[in-house]
1. Limiting things to C-alpha atoms, what are the Rg and the maximum Cα-Cα separation (Dmax) for the chain, in angstroms?
2. Can you tell me the dipole magnitude for segment 74-211 around its Cα centre, using point charges on the Cβ only (Lys, Arg +1; Asp, Glu -1), in Debye to the nearest 20?
3. As a test of the definition: which semi-axes, in Å, follow for segment 266-365 when you take the square root of five times each eigenvalue of its alpha carbon gyration tensor? Largest first, please.
4. Using the Cα atoms as the points, what is the convex hull volume per residue of segment 204-281 in Å³?
5. Taking the Cα centre as origin and putting +1 on Lys and Arg beta-carbons and -1 on Asp and Glu beta-carbons, what dipole magnitude results for segment 47-123, to the nearest 20 debye?
6. How long are the three semi-axes of the equivalent ellipsoid of segment 323-443, in whole Å, if each is the root of 5 times an eigenvalue of the C-alpha gyration tensor, listed from largest down?
7. Based on the mean of other Cβ atoms within 10 Å per residue, sort peptides 130-143, 396-409 so the most packed one is first.
8. Give the Kirkwood hydrodynamic radius (Å, one decimal) of segment 164-208, defined as one over the mean of 1/r across all pairs of different Cα atoms.
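Please treat every number below as a calculation from the coordinates, not as lab data. This structure is a prediction, so every number in the text was calculated from the model and none was measured. As a convention, Cβ positions derive from the backbone with ideal geometry for all residues, glycine included, and neighbour counts pool all protein chains shown.
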Amino acid sequence: MTIQCERRLARFQIALATSIACYVALEVNRANAAPSEVVEATDATGEWPQFLGPNRNGRSAETGLLDKWPAGGLKVDWRAAGGVGMSGIVVSRGRVLTMVQRDGKQWLLALDKKTGESIWQTAIAPEYRNPQADGPRAAPTITGDHVFVFTGEGVLAAVDFQKGNVLWSHDVVSELGGKVAEYGMACSPLIAGEHVIVTVGAPGATVAAYRIEDGKLAWKTGDDPAGYSSPALLKVGDCSQVVAFTGKSAIGLAPDSGELLWRYPYETEFACNIATPLDIDGKVFLSSGENHGSVLLALQPHRKSNENPDSFEPKVVWESLGARSVLRNEWQTSLFLDGYLYGMDNVGGAGPITHLTCIDVANGKRMWQVSRFGKGNLIAADGKLFITTMKGEVVVARATPERYDEIGRETISGSTRQAPALSEGRLFVRDDKNIICIDVRKP
């Protein structure tokens with residue numbers, strides 16, 4: 001580990017300890033508050049506070065989930081009215097949140113996890129329309145008593161978790177001199193220390209960070225177009241980094257300053273880099289559709305100059321590119337489980353043919369493939385894959401590299417693109433009309 005990275009890691013450890021102390025103090029204050037002011041607390045296994053779950057990799061530590069299809073089908077606990085949009089669902093402390101579009105506005109909704117009843121709803125921005133689909137694209141992000149949202153046209157807002165009032169708001173694309181991405185702004189906000197980070201794609205501001213507490217711009221960097229991926233905070237190259245997949249490249253940034261640590265060119269047609277980068281045992285995995293393919297990168301520290309001594313050189317461990325690639329994630333992030341990647345392999349340019357595939361991450365070799373499985377999205381928990389399809393199905397299969405082993409499937413919703421969220425044995429899915437809670441615990 002380089003000296004600079006050790007210093008950055010130390011600063012983050014201090015900031016994390018401070019944040020934990022503040023959170024404990026806040027919970028003590030809540031415990032002494034009037035009962036109506038106390039938000040139901042859940043343990044860590046009940047938290048799905050951001051896009052793709054606790055660690056932004058689609059994985060949950062929950063166990064005790066169904067391994068045999070119920071005779072009467074899946075049990076739906078509740079359905080609640082939602083609205084148009086592709087925003088994912090997040091869950092924290094007894095509340096279910098997502099973004100929808102209805103009545104001419106983009107709304108952040110907060111529902112009771114047990115009943116689906118509305119707690120509050122807050123208008124964030126006017127409606128967003130796009131030929132590819134209307135409404136917000138990005139999932140909310142929860143940290144402490146802040147909820148962060150990013151609208152279809154690029155308004156970043158901080159909302160109070162308890163009451164739903166807007167704390168601060170910036171039209172970041174406009175303010176930073178950029179333009180809205182062709183298919184809309186799709187980055188789910190990322191929390192890194194005291195900052196909330198989004199991909200903007202403006203000149204000098206491919207990525208920008210704002211202070212959580214007051215919304216002031218902390219740093220901005222880069223000149224790539226935005227793309228449609230959500231950045232991740234990864235421990236790669238023996239260093240905590242913000243890894244962003246832009247419209248033209250993957251970049252690693254210092255979380256506290258935005259300093260560019262490395263860049264790997266990765267251009268697809270229409271800037272359609274959409275999947276979130278993954279940490280694969282300290283390496284970075286990238287995948288794109290439009291027949292582009294996948295690559296696994298190792299980051300080697302090196303000295304560029306006396307002024308910038310700490311940076312990294314990305315080296316290809318393996319790659320599988322072009323029309324014969326083993327894995328081409330269109331808008332779905334693959335899952336890394338026990339040495340294998342499970343993901344959606346899309347054929348051609350946004351075409352209708354999508355295979356469900358398992359590959360060996362050590363060498364990029366295909367283990368199995370379900371041809372023409374169909375477009376969908378997936379998460380993993382308890383040794384199983386939980387898949388939602390654009391047909392409105394919920395599919396459960398065992399996550400094993402030996403073969404595809406389906407437990408069952410059932411049509412639950414209308415067409416959906418979002419990966420489900422999981423909290424205390426409940427699976428949360430949505431379409432353009434409803435938000436749905438499904439019991440997936442063992443009987």
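1. Looking at the chain, its Cα Rg and Dmax stand at 20.7, 68 Å.
2. Charge dipole, segment 74-211, about its Cα centre: 400 debye, nearest 20.
3. Details: eigenvalues 141, 51, 21 Å².
Those come to 27, 16, 10 Å.
4. Values: hull volume 7.2 nm³, N = 78.
Output value, Cα hull per residue: 92 Å³.
5. With only Lys, Arg, Asp and Glu charged at Cβ, the dipole is about 60 debye.
6. Three semi-axes, in Å: 23, 18, 11.
7. With the highest mean Cβ count within 10 Å placed first, the list reads 130-143, 396-409.
8. For segment 164-208, the Kirkwood estimate is 11.5 Å.
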